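The values are calculated or read from the model by the stated rules, or taken from the named source; none is laboratory data. Just so we're clear, the structure is a prediction, and the values are computed from it rather than from any experiment. Quick reminder, even Gly has a Cβ in these numbers, built from the backbone with ideal geometry, and neighbours come from all protein chains shown. For the accessible areas, the whole protein counts, side chains as well, though only heavy atoms, and no ligand, DNA or RNA atoms are used. Shrake-Rupley method; radii C 1.70, N 1.55, O 1.52, S 1.80 Å.
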Amino acid sequence: MRFFLVAFSFLLSIFSAHAQEAMRGIVVDSASFDALPYVNVQIKNKMRGTMSDAKGDFSIVAARQDTLIFTLVGYEKLELPLTDYEPSMIRLTEKYTLLETVTISELRPGENPYEGMFDEQNARLKKTIPFYLSKAKKEKIKVQSLRDENLRVQTYIDVVINNSDTKDALMKKYRLSEPDYYGILTEFNEKHFRVMYYLTPAELISLLNTFFENRAKR
């Protein structure tokens, strides 16, 4: 009797692992949290898949031992094991390519083409919360400010901090050691902190290239 119970439990565990169920979620951009439509959702090693709708929602029947693969032009491929998956938000990271340096002839070498462009936005960040607001209102403003700040710096984090290709390409292009790279990057951050968080990935990479090129020539 005990043998049959063990065998039954074993078969039940196998059946549960292979049981099919609807896996649902929403695919969004990791920086802006905007919904991403038409994302390909494929079950790894199987000829079955689907696509997210106009609102980024998707639903696909799969088993817990499966892995979902999310792909979209311009974004990094994401593989997601379904072992402990629950309906959730799937964040795709934009794929960046190191662009060639953009030279603006009217500017002097090393001059920042975006200088002063975001003074108004930076001024708003320095505004204090009015003292007469209720505690709940103040907390709400603080939370929203924190969310806005996280989104504001996300592009810089994705391009410079989380993307090792940016570091490797700059070091190789300008023949820099790792200490030299971080030294120049520190200078870049100190010089451009008023504008670098507002730039698109392409603009940020171009500005990085220009800055590193000028420093490498010294």
Complete set of residues in the stretch 198-218 that are farther than 28 Å from residue 92 by Cα and either open to solvent by 80 Å² or more (accessible area, probe 1.4 Å) or outside any helix (DSSP H, G or I) (or both): 217, 218
Is it fair to say residue 148 is at pLDDT below 85 and either surrounded by fewer than 13 Cβ atoms within 10 Å (Cβ to Cβ) or under 23 Å from residue 215 (Cβ atoms) (or both)? yes
For the stretch 153-170, pairs from a residue that is at pLDDT below 80 to a residue that is open to solvent by 30 Å² or more (accessible area, probe 1.4 Å) and part of a helix (DSSP H, G or I), with Cβ under 6 Å and 6 or more apart or across chains, are 153/197
Search the stretch 183-197 for residues that are surrounded by 15 or more Cβ atoms within 10 Å (Cβ to Cβ) and pair each with any residue that is part of a loop (DSSP other than H, G, I, E, B) and polar (S, T, N, Q) when their beta-carbon atoms are under 7 Å apart and the residues are at least 6 apart or on different chains. 192/112; 195/112
